[in-house]
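The values are calculated or read from the model by the stated rules, or taken from the named source; none is laboratory data. Model, not experiment: these values are computed from the prediction. Cβ: placed from backbone, ideal geometry, glycine included. Neighbour counts: every protein chain shown. Side chains included, ligands, DNA and RNA excluded: accessible areas come from the protein's heavy atoms. Shrake-Rupley method; radii C 1.70, N 1.55, O 1.52, S 1.80 Å.
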Amino acid sequence: MRIERNDFGCTIELDGEIEAVLQTSMGLGWSGIGFTDVQLGSHGTVSIVQQGIHFALSLAPPSQRFLCSGQTYHFSEDNIIVLEPGAAVVEHWTGRFRTLALRLAPEAVERITDVSLAKSQVRTRFVPSRSQIAVGHLLQAVSADLETGCSSGPLLVESVSATLLQLFSNAEAPPRRAGPTLTSAQATTLRDLILAHLTDPLSLQQLADSIGTSVGHLVRAFRTSFGVTPYQFILRERVNRAQDLIATGTLSLSEIVPLAGFSDASQMSKTFRRLTGQPPRAFARVARGSRPAGPSNA
């Protein structure tokens, strides 16, 4: 199978078999950001010419060889590749394996970082994933979000992109100082917007537009002001809403799932457990058991 594609600042020519497309962002309309999670067949070759920035995670490759700038990198374990603008790489593989790739077009990089592509300072590298465990978690989180319906819209993938761009930037750290903060009015506007659209997909651009700032400034100032990323804040508020609805005792858990902004019961249960330490059913037993009893008929 031969595939040629040019999208999200990346030209790809693949000669090999794609056994399964596990997840893809195609058709979702993410601005300048593309994501794929695929199972590759027993052998093949792919060449990539990068104009934006490319992050990829390979899981359990039997044998994988990359040729880039006259150097060869060989892996037979989980690994991560990062490609800078202008990078060209040829990959040969044997043996079935899974690969997750996040591709950022130049305009997406500039929107998220607030600097020109030339100043992004992300450099090409090939490393075992055990040296950058967080990267694997982040890319697999995007795939899992797609699998469950992507209820947060592009917000998670934009947050992951911002984190990866910062993580792999070689720019010298500026003198230590307090990060930008939101004004009280901006924080209130963002909180009200999020709560009013808790069941709707939001993007970083929508949040930034609501307070008249850039996405890059929003990402930094939001974390400084709220202590979490916008995506984490939304998840926390969805769990808070689920707790309030459960405590009323008038709705079943299946009815609460969409009202709290979750795509399905599994996503709500996992998020609820991670943020509260217990599953929704356990919380429901305690919350409903502690409600005052009705008037006695005696």
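Quick check, is residue 5 over 18 Å from residue 94 (Cβ atoms) and of a type in the set (Lys, Arg)? Yes. Would you point out the residue of segment 103-121, among those that are modelled with pLDDT of 90 or more and closer than 15 Å to residue 86 by Cβ, that is most open to solvent (accessible area, probe 1.4 Å)? Here the residue is 106.
Within segment 233-251, can you find the residues that are without any contact (Cβ under 8 Å) to a residue 12 or more places away in the chain and open to solvent by 50 Å² or more (accessible area, probe 1.4 Å)? Of everything in segment 233-251, those that are without any contact (Cβ under 8 Å) to a residue 12 or more places away in the chain and open to solvent by 50 Å² or more (accessible area, probe 1.4 Å) turn out to be 240, 244, 248, 250. Those strands (runs of 3 or more DSSP E) of segment 14-71 in which 1 or more residues are touching a helix residue (DSSP H, G or I) at 6+ places or on another chain (Cβ under 7 Å) and charged (D, E, K, R) occupy 33-50.
For the condition within 23 Å of residue 114 (Cα to Cα), buried (at least 17 other Cβ atoms within 10 Å of the Cβ), among the hydrophobic types (A, V, I, L, M, F, W, C) and in contact with a helix residue (DSSP H, G or I) (Cβ under 8 Å, 6 or more places away or on another chain), residue 164 qualifies. Condition check for residue 134 on (1) surrounded by fewer than 19 Cβ atoms within 10 Å (Cβ to Cβ); (2) closer than 20 Å to residue 238 by Cα; (3) aliphatic (A, V, I, L, M): one failure, at (2).
Filtering segment 252-270 to residues that are surrounded by fewer than 21 Cβ atoms within 10 Å (Cβ to Cβ) and under 14 Å from residue 237 (Cα atoms) leaves 258, 259.
For residue 216, indicate whether it is buried (at least 16 other Cβ atoms within 10 Å of the Cβ) and small (Gly, Ala, Ser). Spelling it out, residue 216 is indeed buried (at least 16 other Cβ atoms within 10 Å of the Cβ) and small (Gly, Ala, Ser).
Determine the pairs where a residue that is assigned to a loop (DSSP other than H, G, I, E, B), located within segment 274-297, has a partner that is modelled with pLDDT of 90 or more with Cβ atoms under 7 Å apart, the partner being 6 or more residues away or on another chain. Here the result reads 279/269; 279/272; 279/273, each pair linking segment 274-297 to a residue that is modelled with pLDDT of 90 or more.
Selection of segment 3-22 for residues being of a type in the set (A, V, I, L, M, F, W, C) and open to solvent by less than 80 Å² (accessible area, probe 1.4 Å) yields 3, 8, 10, 12, 14, 18, 20, 22.
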